[in-house]
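Each remark here refers to the structure printed beneath this line.
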């Protein structure tokens with residue numbers, strides 16, 4: 001049996017089965033590791049306001065002065081997950097069960113279990129649940145750590161812990177990273193394939209199929 005050796009990446013504090021590099025050997029013929037990107041599928045994008053995707057489907061932007069809502073290609077039910085976002089503007093980032101209505105006006109409206117954040121505020125299930133937290137600026141690296149077993153979100157800004165929120169999101173629901181962009185605002189996601197800019201919290205995994213992420 002021959003092997004392909006995957007080289008280490010620029011930041012790999014968690015190795016091996018966490019899918020963040022570290023010279024992992026993979027047998028030829030085994031299933032290829034697939035990393036999350038932003039989804040262009042109808043079930044993951046808002047009808048009539050589909051986000052414009054670029055940069056290998058890692059950057060989302062809007063085409064006009066209205067909210068464009070979308071999700072990632074891969075998600076999870078349980079486990080601890082980490083991804084990064086670089087913002088331009090004041091868009092929503094968060095996570096939500098795929099049972100939520102993707103065609104609602106914007107991220108924090110008409111949801112029963114979605115969790116969203118921007119402006120130092122947090123919304124859960126359509127209500128404001130936290131305010132006055134540290135806000136990010138254009139070009140910052142936002143670390144989004146999500147404990148899907150507990151429904152808890154942790155936000156990091158340029159590697160420093162900023163705030164968190166402990167929700168009642170069900171561990172049995174299938175969830176995906178999600179977002180809303182508006183006007184000239186954009187978000188660039190990093191699910192770990194090119195290496196994270198900051199060190200993920202201990203035990204948190206990149207969003208890929210080797211780590212158990214799936215499309216449904």
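All of the numbers you see were taken from the coordinates with simple rules; none came from a lab. This structure is a prediction, so every number in the text was calculated from the model and none was measured. Every residue, glycine among them, receives a Cβ derived from its backbone with ideal geometry; neighbour counts consider all protein chains shown.
How big, on average over all directions, is the shadow cast by the Cα convex hull of the chain, in nm²?
11.3
Specify whether the C-alpha gyration tensor of the range 158-216 places it in the rounded, prolate or oblate class, a ≥ b ≥ c being the square roots of the eigenvalues: rounded for a/c under 1.5, otherwise prolate if a/b is larger than b/c and oblate if not.
Rounded.
Using the C-alpha gyration tensor of the range 141-183, what are the square roots of 5 times its eigenvalues, in whole angstrom, with the largest one first?
They are 20, 16, 8 Å, listed largest first.
Principal axes first, then extents: for the Cα atoms of the range 62-181, list largest minus smallest coordinate on each axis, whole Å, largest first.
Here the Cα extents, ordered largest to smallest, are 34, 33, 26 Å.
When the chain is fully extended, how far beyond the present Cα-Cα distance does residue 105 get from residue 166, taking 0.36 nm per residue of separation?
The residue 105-residue 166 span can extend by a further 19.5 nm.
Name the residue, out of 181, 50, 129, whose mean-square fluctuation peaks in a Gaussian network model built on the chain with Cα pairs under 10 Å.
129
Once both labels are modelled 7 Å past Cα along the beta-carbon direction, what's the residue 216-residue 202 spacing in nm?
In this crude spin-label approximation the distance works out to 3.9 nm.
Could I have the simple spin-label model distance between residue 125 and residue 149, label points 7 Å from Cα toward Cβ, reported in nm to one decimal?
Those two pseudo-labels are separated by 2.3 nm.
Residue separation times 0.36 nm, minus the C-alpha to C-alpha distance between residue 194 and residue 40: what's the value?
53.4 nm
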